[in-house]
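Worksheet for the structure shown next.
The values are calculated or read from the model by the stated rules, or taken from the named source; none is laboratory data. No experiment lies behind these values; they were computed from the predicted model shown. Cβ atoms come from the backbone with ideal geometry, glycine included; neighbour counts cover every protein chain shown.
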Amino acid sequence: ALASELEEYGRELAVWGIKLENLVKHSPKHKTLRDACRRAIGEILRDGDAVTLIFGKKRFPMKKISEITGLPLKKLERLRIYIMAVLIILKGDYEYLPEYIPAFGESAPGQASDDRGDRSGLPG
């Protein structure tokens, strides 16, 4: 089941020009950046227009997302691939993959979570 989800996820990432094997390189390494991504993803998901633009038109509107999230464009550009990859999981029909996103699940399988703060308003 997980293997088929990963295959489907890989296909969905490819639609966006993202390779599954590149996600580690584009994932935020520092807690402050992970927290900023978590907040930004929550803000994007709460904004119906942004979700429609992203998934309906298959584009990532940098300026609008910068306005919604408060992230500067330069930082948003660095985090865009990670944010998009997480959004695809959270908006998709995936049963197992959300558990592997430490910022949105309790912790990634096999890892202790250092992120057990307030999760209000976040999906998952």
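Return the only residue of D93, D115 being out of contact with any strand residue (DSSP E or B) (no Cβ under 7 Å at 6 or more places or on another chain), part of a loop (DSSP other than H, G, I, E, B) and modelled with pLDDT of 80 or more.
Numbers: D115 fails: modelled with pLDDT of 80 or more.
Of the residues listed, the single one that is out of contact with any strand residue (DSSP E or B) (no Cβ under 7 Å at 6 or more places or on another chain), part of a loop (DSSP other than H, G, I, E, B) and modelled with pLDDT of 80 or more is D93.
Yes/no per residue for (1) farther than 21 Å from Y96 by Cα; (2) hydroxyl-bearing (S, T, Y):
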site: A1; (1), (2): no, no
site: S4; (1), (2): no, yes
site: L20; (1), (2): no, no
site: V24; (1), (2): no, no
site: P28; (1), (2): yes, no
site: D35; (1), (2): yes, no
site: L53; (1), (2): yes, no
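Being surrounded by 13 or more Cβ atoms within 10 Å (Cβ to Cβ) and assigned to a helix (DSSP H, G or I) is the filter here, so list the residues in region 49-66 that pass it.
Narrowing region 49-66 to residues surrounded by 13 or more Cβ atoms within 10 Å (Cβ to Cβ): 50-51, 53-55, 60-62, 64-66.
Scanning region 49-66 gives A50, V51, L53, I54, F55, M62, K64, I65, S66.
Among the residues of region 36-48, how many are surrounded by fewer than 16 Cβ atoms within 10 Å (Cβ to Cβ) and either modelled with pLDDT under 90 or over 14 Å from the mean Cα position of the chain (by Cα) (or both)?
Final tally of qualifying residues: 1.
If I ask for residues that are in a loop (DSSP other than H, G, I, E, B) and either surrounded by fewer than 16 Cβ atoms within 10 Å (Cβ to Cβ) or in contact with a strand residue (DSSP E or B) (Cβ under 8 Å, 6 or more places away or on another chain) (or both), which ones from region 17-26 would you list?
Looking only at region 17-26, we keep the residues that are in a loop (DSSP other than H, G, I, E, B), and these are 17-19.
Within region 17-26, G17, K19 qualify.
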